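A.B. asks: Mind having a look at this structure? Questions to follow.
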Amino acid sequence: MSAGTVSTTKLILEVKGKSKMECELKRHLSPKTVGIIMRSIPIDGNAHFIGTSIVYFETKVNSGIERQKKEFKKGDIAFTPVGSSICLFVTDVTTSKPMTPIGKILTNVELLKNVKSGDVISLYQLAG
């Protein structure tokens, strides 16, 4: 079984000690940014919040805005160059600053509601 296709890569998004969610990064959404993130995996960082709708964690990924948008749905994953952060959307939201869409959480999206500030979030590929 493959870990996705050329355009999508299945990953695990883990809140250490709490939960795991399956997600996928979609290269066709933002080819440059998704490529840089894939070469940086595994990535982890501490959870932070923008209101109650967005959980994010800072990374060392260096990429600008690509194919920007401001409207995101629950479960979407985006990248913002501000703090080089990966953003996870807990609810549907329109952001004040544009972000780069990079993927989608496929399972257990509701578990994002249990994330607390400072939790360690990891993004990695399933071994196999």
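The numbers here are math on the coordinates, done by the rules we state, and not lab data. Here the structure is a predicted model, which is why all the values come from computation and not from measurement. Here the Cβ is made from the backbone with ideal geometry for all residues, glycine too, and neighbour counts use every protein chain on show.
A.B. asks: Compare I43, I86, I77 in a GNM of the chain, Cα atoms joined below 10 Å, and give the one with the largest fluctuation.
C.D. replies: I43
A.B. asks: Take the alpha-carbon centre of the stretch 65-128, take the same for the stretch 9-30, and report the distance between them in whole Å.
C.D. replies: 9
A.B. asks: Which aspartates and glutamates, if any, have their Cα less than 15 Å from the Cα of K16, not counting same-chain residues under 8 positions apart?
C.D. replies: Partners within reach: D44, D119.
A.B. asks: Counting alpha carbon pairs within less than 8 Å and at least 6 residues apart, what relative contact order, in whole percent, applies to the chain?
C.D. replies: Averaging sequence separation for qualifying contacts and normalising by length gives 34 percent for the chain.
A.B. asks: Also, quick follow-up: Quick check on the exposure proxy: order H48, H28 from fewest to most C-beta atoms within 10 angstrom.
C.D. replies: Numbers: H48 18, H28 10.
Ascending number of Cβ neighbours within 10 Å: H28, H48.
A.B. asks: How far apart, in nanometres, would the label points at N62 and T107 be if each is projected 7 angstrom from Cα along the Cα-to-Cβ direction?
C.D. replies: 3.6
A.B. asks: Next question, about the same structure. Apply the Debye scattering formula to the chain, with a single equal point scatterer on each alpha-carbon and no solvent, then give log10 I(q)/I(0) at q = 0.15, 0.19, 0.21, 0.22 Å⁻¹.
C.D. replies: Results for the chain at q = 0.15, 0.19, 0.21, 0.22 Å⁻¹ read -0.61, -1.03, -1.30, -1.45.
A.B. asks: Order of R39, R27, R67 from fewest to most other C-beta atoms within 10 Å?
C.D. replies: Neighbour counts put them in this order, fewest first: R39, R67, R27.
A.B. asks: Please list, in order, the residues from the stretch 17-41 whose amide nitrogen is less than 12 Å from a point placed 7 Å along the Cα→Cβ vector of Y124.
C.D. replies: 17, 41
A.B. asks: Let me ask something else about it. Sort 97-103, 120-126 by the packing proxy (mean of other Cβ within 10 Å over each peptide's residues), most packed first.
C.D. replies: Ranked from most to least packed, the peptides come out as 97-103, 120-126.
A.B. asks: Under 25 °C and 0.890 mPa s, how fast does the stretch 1-66 diffuse according to Stokes-Einstein, given a Kirkwood radius computed over C-alpha pairs? Answer in µm²/s, whole number.
C.D. replies: Value of D from the Cα-based Kirkwood radius: 184 µm²/s.
A.B. asks: Compute the distance in nm between two label points, each set 7 Å from the Cα along the Cα-to-Cβ direction, one at E22 and one at S117.
C.D. replies: Each label point lies 7 Å from its Cα, and together they span 3.4 nm.
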